[in-house]
1. Does at least one position in the stretch 116-128 carry a residue that is touching a residue at least 60 places away in the same chain (Cβ under 8 Å) and surrounded by fewer than 16 Cβ atoms within 10 Å (Cβ to Cβ)?
2. Inside the stretch 72-98, can you point out the residues that are within 17 Å of the chain's Cα centre (by Cα) and modelled with pLDDT of 90 or more?
3. When the stretch 171-206 is examined, which residues are found to be at positive phi and of a type in the set (Asp, Glu)?
4. Please pick out the residue among Thr203, Thr199 that is open to solvent by 50 Å² or more (accessible area, probe 1.4 Å) and modelled with pLDDT of 95 or more.
5. What residue, among those in the stretch 240-251 that are within 15 Å of the chain's Cα centre (by Cα) and either modelled with pLDDT of 95 or more or of a type in the set (A, V, I, L, M, F, W, C) (or both), is surrounded by the fewest Cβ atoms within 10 Å (Cβ to Cβ)?
6. Looking only at the stretch 155-172, which residues are under 19 Å from Tyr222 (Cα atoms), free of Cβ contacts under 8 Å to residues at least 40 places away in the same chain and open to solvent by less than 40 Å² (accessible area, probe 1.4 Å)?
7. Quick one: how many residues across the stretch 207-218 are surrounded by fewer than 19 Cβ atoms within 10 Å (Cβ to Cβ) and on the phi < 0 side of the Ramachandran plot?
8. Condition first: open to solvent by less than 60 Å² (accessible area, probe 1.4 Å) and outside any strand (DSSP E or B). Now tell me which residues in the stretch 92-115 satisfy that.
Amino acid sequence: MSRKILLACTFLVMAVSLAEAAETSQLTADQIVAKSVTARGGLQAWRAVQTLSMSGKVDAGGNEAPTLSVQGVRTGGVQLPKRLAKQVRLPFRLELKRGRKSRLELDFRDKTAVQVYDGTNGWKLRPFLNRHEVETFTPDEMKAVALQSDLDGPLMDYAAKGTKVELEGTDKVEGNDTYRLKLTFKNGQTQHLWVDAKTFLETKIEGTPRRLDGKYHSVEIYYREYRTVSGLTMPYVMETKVQGVKQTENIEIENVAVNPRVEDSRFAKLQ
């Protein structure tokens, strides 16, 4: 290849890169959200979803975390026995319904922990802690669940939900260009979300800070391995990273059902 051709190709690559950078900087928050919604299957497809159920495995322990966070699939945390020395993988089942209703079941040592939220109140049953009485959510747990969105995520129909979305800038997330969005919910709470600049899929979200050894540590949840189910695109792997903790926690979804029959009684106070 001659020097002139090589130089021309170099300038072409630079021009394409500059054009992509210019396009990235010119997009508004609304445009980014619209592209993200399309990438995940479209607004009409998600509006038709009333219930979701999923099951899989989740990592627990090995990082001195007193709770098991399943934030990546938009529910709360389940308290585990103190200080699991080694990380273990536990089966879970999750049911979600419009109105921000959720039911999480987690199997541990031949016992099943249950946590439900009816959209307003939450209850939990933790037999592996020798607590066989139903307990209500603590104020911290209520604050955490209030930050979590409905089953379709925070960007879908965000204006109708009373959420304000602002574009704060662009960041590199694991080597990829992303848009950093600031979400302000109608209750005044805020959360940051990162959207991939090429695929427009959500790549990372700010989690609820986790209290460890008397201090709060920031939490980041990474969305990976997107797959399409019934026309909807969703992540099948969520990795939770806690500031100052080396070991991460993975949630791996194995099965997803869209619009299964789920009665409201599934989210009622536990008996």
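The values are calculated or read from the model by the stated rules, or taken from the named source; none is laboratory data. Computed from a predicted model, the values in this text were never measured in an experiment. Counting neighbours? That spans all protein chains shown, and the Cβs are built from the backbone with ideal geometry, glycine included. Quick note on the areas: whole protein, heavy atoms, side chains included, nothing else; ligands and nucleic acids left out. Shrake-Rupley method; radii C 1.70, N 1.55, O 1.52, S 1.80 Å.
1. The first filter runs over the stretch 116-128 and keeps only residues touching a residue at least 60 places away in the same chain (Cβ under 8 Å), leaving 116-119, 121, 123-125.
So of that shortlist, the ones also surrounded by fewer than 16 Cβ atoms within 10 Å (Cβ to Cβ) come out as 119, 121.
Yes, the stretch 116-128 has at least one match.
2. First pass over the stretch 72-98, keeping only residues within 17 Å of the chain's Cα centre (by Cα): 72-78, 92-98.
Listed by number, the residues that qualify are Phe92, Arg93, Leu94, Glu95, Leu96, Lys97, Arg98.
3. Quick first cut of the stretch 171-206, residues at positive phi only: 174-175, 188, 200.
Residue satisfying the conditions is Glu174 alone.
4. So the residue among Thr203, Thr199 that is open to solvent by 50 Å² or more (accessible area, probe 1.4 Å) and modelled with pLDDT of 95 or more is Thr199.
5. Val242
6. Gly169
7. If we filter the stretch 207-218 for residues that are surrounded by fewer than 19 Cβ atoms within 10 Å (Cβ to Cβ), which is where we start, we get 209, 211-218.
Narrowing further to those that are on the phi < 0 side of the Ramachandran plot: 209, 211-212, 215-218.
Here the count works out to 7.
8. Taking the stretch 92-115 first, the residues open to solvent by less than 60 Å² (accessible area, probe 1.4 Å) are 92, 94-99, 101-108, 112-115.
Answer for the stretch 92-115, where residues must be open to solvent by less than 60 Å² (accessible area, probe 1.4 Å) and outside any strand (DSSP E or B): Arg98, Gly99.
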